[in-house]
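Remarks on the structure that follows.
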Amino acid sequence: MKKIKIILIVGLLSCMHFFATAQEKSSWKELDNFHSIMSKTFHPSEEGNLNPLKEKSDSLVILAQQWKAALIPAGYKLAETEKGIKKLTKKCVALNTAVKNHIDDAALTTMLKEAHEAFHYIVEECKDHK
C-alpha cells in the first residue's frame, strides 16, 4: 500500500509540473506571439466557432513569417526547427487564402488542425532534450 501511495504522489507531482510548465512562456518571443493567436483561433474552433480564425487568419501568416525570420535560440534542433516553421508558414498562408476565398467551415477546421499540429511539432519535437 505504501508503494502505491508513493507512485500516486510522484504521478501527481509529475502532472502538476507538466501543467505548470505547459502554461509558461518560452524564451522565444516569436513563438509566444504566434502561440497567442493560434490559441485564440484554434480553441474556439474545437467548439465549432471559426469566427476568431476568420478575423485573425492574416495575423497567423504575419506572425508565422516573423517567426520564420527570427533566429532560432539554443535548445532547438536547427534543421528540424527551420523545416517545421517553413511548413507551418505554408499551412498558415494556405489557411488564410482559404479563409479569404470563403472555403467551407469543415475544410477550414481541417486546415487549422493541421497548422496546429505543425505548431506543436515545433514546440515539442524540435526541442533539443539533451
| query | Where in the range 47-84 is the amide nitrogen less than 16 Å from a point lying 7 Å along the Cα-to-Cβ axis of Lys29? | reply | 63-74
| When each of Lys40/Lys86; Lys29/Lys100; Lys29/Lys91; Lys56/Lys87; Lys83/Lys113; Lys100/Lys127 is checked by Cα-Cα distance, pairs over 25 Å | Lys29/Lys100; Lys100/Lys127
| said: Can you give me the distance in nm between label points at Glu117 and Ala79, each placed 7 Å from the Cα along the Cα-to-Cβ direction? | reply: 2.4
| said: For Lys68, give me every one of the aspartates and glutamates with a C-alpha distance below 19 angstrom, ignoring sequence neighbours fewer than eight places off in its own chain. | reply: Glu30, Asp32, Asp58, Glu80, Glu82, Glu114, Glu117, Glu124, Glu125, Asp128
| In nm, to one decimal, how far is the Glu55 label point from the Ser39 one, both placed 7 Å along Cα→Cβ? | 1.8
| said: Cut-off is 10 Å between beta-carbons; in what order do Lys68, Lys90 appear when sorted fewest neighbours first? | reply: Lys90, Lys68
| About its Cα centre, what dipole magnitude does the range 27-125 give when the only charges are +1 on Lys and Arg Cβ and -1 on Asp and Glu Cβ, stated in debye to the nearest 20? | 360
| remark: HN-Hα couplings for the range 86-99 via Karplus (6.51, -1.76, 1.60; θ = phi - 60°), in whole Hz with x for Gly/Pro, come out as 4, 4, 4, 4, 4, 5, 5, 5, 5, 5, 4, 4, 5, 4
| query | Fewest to most neighbouring Cβ within 10 Å: what's the order for His116, His102? | reply | His102, His116
| D for the range 80-130, whole µm²/s, Stokes-Einstein with Kirkwood Rh over alpha-carbon pairs at 10 °C and 1.306 mPa s: what number? | 138
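We did not get these values from a lab; they are worked out from the coordinates using the rules stated. Just so it is clear, the model here is predicted, and its values are computed rather than measured. Here the Cβ is made from the backbone with ideal geometry for all residues, glycine too, and neighbour counts use every protein chain on show.
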